[in-house]
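First comes the structure, then the notes that go with it.
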């Protein structure tokens, strides 16, 4: 369900109930064109001169470097000519941080998380991710379970041929798979059993996949336990520029590791991710 945005940061009872039942919200037309253009300008600058990335890393999702994490400033030019993730631009690009921690957005996230959100990582996609279905908690489990939310901000219109986001409404209510350490952080060699469990739960709950075809300025927010992924890119010339941001709660992290931007907006103080 899409909710036309009405320039208020107070969630209605209907939106709160929809979130509780389905695990996501779509905020149509949330950001103004000039706000979107500001981040696209950063991306255009990076593509014109990757050296400006400094220590920021990229995850290459195509070609001979597929599966590698590289320092962006050192990456070969062909790495930027197909699907990739640019990691954690919030650490160094004010325009990206401004969008991810927009005050109207963080006030909404505060209501969903029962506490002010803190950016723990961000991903700028230029093309669709084509990532297999997954729960984000497999890779970045929050300090307090169920206190992870994710925003995906459309930086352009999403074509059905561009590998749009796929998600499974209601799957946030599936009891998470417990790995051998007792937690929900993925253990690689245990993933076959985990995926078998997820498939069993999908059949049991009859959860159906849906695609998100947003427009520039739309925001898709999902619960950290919502199953989602990226569909196949049918037309390689079609980009899907998106800013995806993961949020923990600021109150759950040691104060010395948290930087405050405004009353309801924080980010994790850390270095860029190592290459490898």
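The values are calculated or read from the model by the stated rules, or taken from the named source; none is laboratory data. Because the structure is predicted, anything quoted here is derived from the model rather than measured. Note that each Cβ is placed from the backbone with ideal geometry, even for glycine, and that neighbours are counted across all protein chains shown.
For residue 170, which of the numbered conditions (1) in contact with a strand residue (DSSP E or B) (Cβ under 9 Å, 6 or more places away or on another chain); (2) closer than 23 Å to residue 110 by Cα fails to hold?
Of everything listed in (1) in contact with a strand residue (DSSP E or B) (Cβ under 9 Å, 6 or more places away or on another chain); (2) closer than 23 Å to residue 110 by Cα, residue 170 misses just condition (1).
Check whether at least one residue in segment 61-69 is at pLDDT 95 or above, buried (at least 18 other Cβ atoms within 10 Å of the Cβ) and either over 30 Å from residue 23 (Cβ atoms) or in contact with a helix residue (DSSP H, G or I) (Cβ under 8 Å, 6 or more places away or on another chain) (or both), and report yes or no.
Taking every residue of segment 61-69 in turn, none turns out to be at pLDDT 95 or above, buried (at least 18 other Cβ atoms within 10 Å of the Cβ) and either over 30 Å from residue 23 (Cβ atoms) or in contact with a helix residue (DSSP H, G or I) (Cβ under 8 Å, 6 or more places away or on another chain) (or both).
Being loosely packed, with under 15 Cβ neighbours inside 10 Å and within 18 Å of residue 230 (Cβ to Cβ) is the filter here, so list the residues in segment 192-201 that pass it.
Correct list: 195 only.
So that you can scan it fast, the table gives a plain yes or no per residue for (1) surrounded by 12 or more Cβ atoms within 10 Å (Cβ to Cβ); (2) at pLDDT below 95; (3) under 16 Å from residue 149 (Cα atoms):
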{"position": "180", "(1), (2), (3)": "no, no, no"}
{"position": "184", "(1), (2), (3)": "yes, no, yes"}
{"position": "189", "(1), (2), (3)": "no, no, no"}
{"position": "203", "(1), (2), (3)": "no, no, no"}
{"position": "208", "(1), (2), (3)": "no, no, no"}
{"position": "224", "(1), (2), (3)": "yes, no, yes"}
{"position": "229", "(1), (2), (3)": "yes, no, yes"}
{"position": "234", "(1), (2), (3)": "yes, no, no"}
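Which one is surrounded by the most Cβ atoms within 10 Å (Cβ to Cβ) among residues in segment 20-43 that are under 16 Å from residue 92 (Cβ atoms) and out of contact with any helix residue (DSSP H, G or I) (no Cβ under 6 Å at 6 or more places or on another chain)?
So, considering only residues that are under 16 Å from residue 92 (Cβ atoms) and out of contact with any helix residue (DSSP H, G or I) (no Cβ under 6 Å at 6 or more places or on another chain), the one surrounded by the most Cβ atoms within 10 Å (Cβ to Cβ) is 43.
Answer yes if at least one residue in segment 25-33 is in a strand (DSSP E or B) and farther than 24 Å from residue 150 by Cβ, and no otherwise.
Within segment 25-33, none of the residues are in a strand (DSSP E or B) and farther than 24 Å from residue 150 by Cβ.
Let's see how each residue does on (1) more than 18 Å from residue 262 (Cα to Cα); (2) in contact (Cβ under 8 Å) with a residue 12 or more places away in the chain:
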| site | (1), (2) |
| --- | --- |
| 24 | yes, yes |
| 37 | yes, no |
| 105 | no, yes |
| 108 | no, yes |
| 126 | yes, yes |
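Note down all Cβ pairs under 6 Å where the first residue falls in segment 241-261 and is at negative phi and free of Cβ contacts under 8 Å to residues at least 60 places away in the same chain, the second is in a loop (DSSP other than H, G, I, E, B) and surrounded by fewer than 17 Cβ atoms within 10 Å (Cβ to Cβ), and they're at least six residues apart or on different chains.
257/269; 259/269
Could you check segment 25-82 and list, in sequence order, the residues that are in contact with a strand residue (DSSP E or B) (Cβ under 8 Å, 6 or more places away or on another chain) and on the phi > 0 side of the Ramachandran plot?
29, 67
With 145, 93 as the choices, which residue is touching a residue at least 12 places away in the same chain (Cβ under 8 Å), under 20 Å from residue 31 (Cβ atoms) and more than 14 Å from the chain's Cα centre (by Cα)?
None of the other options fit; the residue is 93.
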